[in-house]
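Asker: Sharing a structure with you now.
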Amino acid sequence: IGGGSFNTIMGATAGGTGSGSGDYTTCIGYNACSGAWNNISNITGIGYKALDAITTGKGNTTLGYQSGDILTTGAHNTLLGYDADASSNAINTSTAIGYGAVAGASGKGVLACFCKCSRTASSVSRF
């Protein structure tokens, strides 16, 4: 982050390579929120490479290993879980919760539940 107010950045290469500013942002973890920022605010990326490609997408919240790592311009998404993500870099207002859960379209959500013993999907719910 090149500037801004009320930001928390922790972790090697966390916080981006751009010179733009960002306000009210939290990036915690190696390479978290490390995209070429261009004046984005109100994002939270917690975890190894969480939101690591973000450039202009505002209002995203991700938690988990590589969560939201595909997003660049997508905004107002909630992605929670190990490798929880969006199906494209520009998806907006979507939610994905669970191990490997992927929000497939703007304005949609997915809840993925996986069984530890077989490591295969036991159920996937879309809402």
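Asker: Please pick out the residue among T95, T56, T44 that is touching a Cys at 6+ places or on another chain (Cβ under 9 Å) and among the polar types (S, T, N, Q). Walk me through it before giving the result.
Answerer: Details: T95 fails: touching a Cys at 6+ places or on another chain (Cβ under 9 Å); T56 fails: touching a Cys at 6+ places or on another chain (Cβ under 9 Å).
Only one candidate passes the filter, namely T44.
Asker: Restricting attention to segment 8-40, which residues are polar (S, T, N, Q) and within 20 Å of D69 (Cβ to Cβ)?
Answerer: Filtering segment 8-40 for residues polar (S, T, N, Q) gives 8, 13, 17, 19, 21, 25-26, 31, 34, 38-39.
Correct list: T8, T13, T17, T25, T26, N31, S34, N38.
Asker: Moving to a separate point now. Out of T72, T26, report the one residue that is open to solvent by less than 60 Å² (accessible area, probe 1.4 Å) and touching a strand residue (DSSP E or B) at 6+ places or on another chain (Cβ under 6 Å). Let's see the steps before the verdict.
Answerer: Values: T72 fails: touching a strand residue (DSSP E or B) at 6+ places or on another chain (Cβ under 6 Å).
On inspection, the qualifying residue turns out to be T26.
Asker: Modelled with pLDDT under 90 and assigned to a loop (DSSP other than H, G, I, E, B): is that true of G18 in this structure? Working first, answer last.
Answerer: Details: modelled with pLDDT under 90: yes; assigned to a loop (DSSP other than H, G, I, E, B): yes.
In short, yes.
Asker: Let me ask another. From G29, G64, G47, which residue is at pLDDT 95 or above and farther than 14 Å from A84 by Cα? Break it down into steps so the answer makes sense when it comes.
Answerer: Numbers: G64 fails: farther than 14 Å from A84 by Cα; G47 fails: farther than 14 Å from A84 by Cα.
Only one candidate qualifies: G29.
Asker: Does S67 meet the test of being closer than 18 Å to G100 by Cβ and among the small types (G, A, S)?
Answerer: Values: closer than 18 Å to G100 by Cβ: yes; among the small types (G, A, S): yes.
Here the answer is yes, as S67 does meet what is asked.
Asker: Scan segment 75-104 residue by residue and report those that are among the hydroxyl-bearing types (S, T, Y) and open to solvent by 60 Å² or more (accessible area, probe 1.4 Å). Walk me through how you get there before you give the answer.
Answerer: Step one: list which residues in segment 75-104 are among the hydroxyl-bearing types (S, T, Y), which gives 78, 82, 87-88, 93-95, 99.
Within segment 75-104, Y82, S87, T93, Y99 qualify.
Asker: For segment 31-43, what are the residues that are open to solvent by 40 Å² or more (accessible area, probe 1.4 Å) and touching a strand residue (DSSP E or B) at 6+ places or on another chain (Cβ under 7 Å)?
Answerer: So the first thing to find is which residues in segment 31-43 are open to solvent by 40 Å² or more (accessible area, probe 1.4 Å), and the list is 36, 38-39, 42.
Result: N39, single match.
Asker: Also: Being part of a strand (DSSP E or B) and not small (G, A, S), is that true of even one residue in segment 28-40?
Answerer: First, the residues of segment 28-40 that are part of a strand (DSSP E or B): 28.
Pick out the ones that are also not small (G, A, S) and you get 28.
So far as segment 28-40 goes, yes, one or more of its residues are part of a strand (DSSP E or B) and not small (G, A, S).
Asker: When only residues in segment 49-69 that are among the β-branched types (V, I, T) and assigned to a loop (DSSP other than H, G, I, E, B) count, which is least open to solvent (accessible area, probe 1.4 Å)? Steps first, please.
Answerer: Taking segment 49-69 as the starting set, the residues that turn out to be among the β-branched types (V, I, T) are 54-56, 61-62.
In the following step, the residues that additionally are assigned to a loop (DSSP other than H, G, I, E, B) were identified as 54-56.
Numbers: I54: 0, T55: 37, T56: 58 Å².
Per the stated criteria, the residue is I54.
The values are calculated or read from the model by the stated rules, or taken from the named source; none is laboratory data. It should be emphasised that the depicted structure is a prediction, and the values quoted were computed from it without experimental measurement. Note that each Cβ is placed from the backbone with ideal geometry, even for glycine, and that neighbours are counted across all protein chains shown. To get the accessible areas, we keep the full protein, side chains included, count just its heavy atoms, and leave off ligands, DNA and RNA. Shrake-Rupley method; radii C 1.70, N 1.55, O 1.52, S 1.80 Å.
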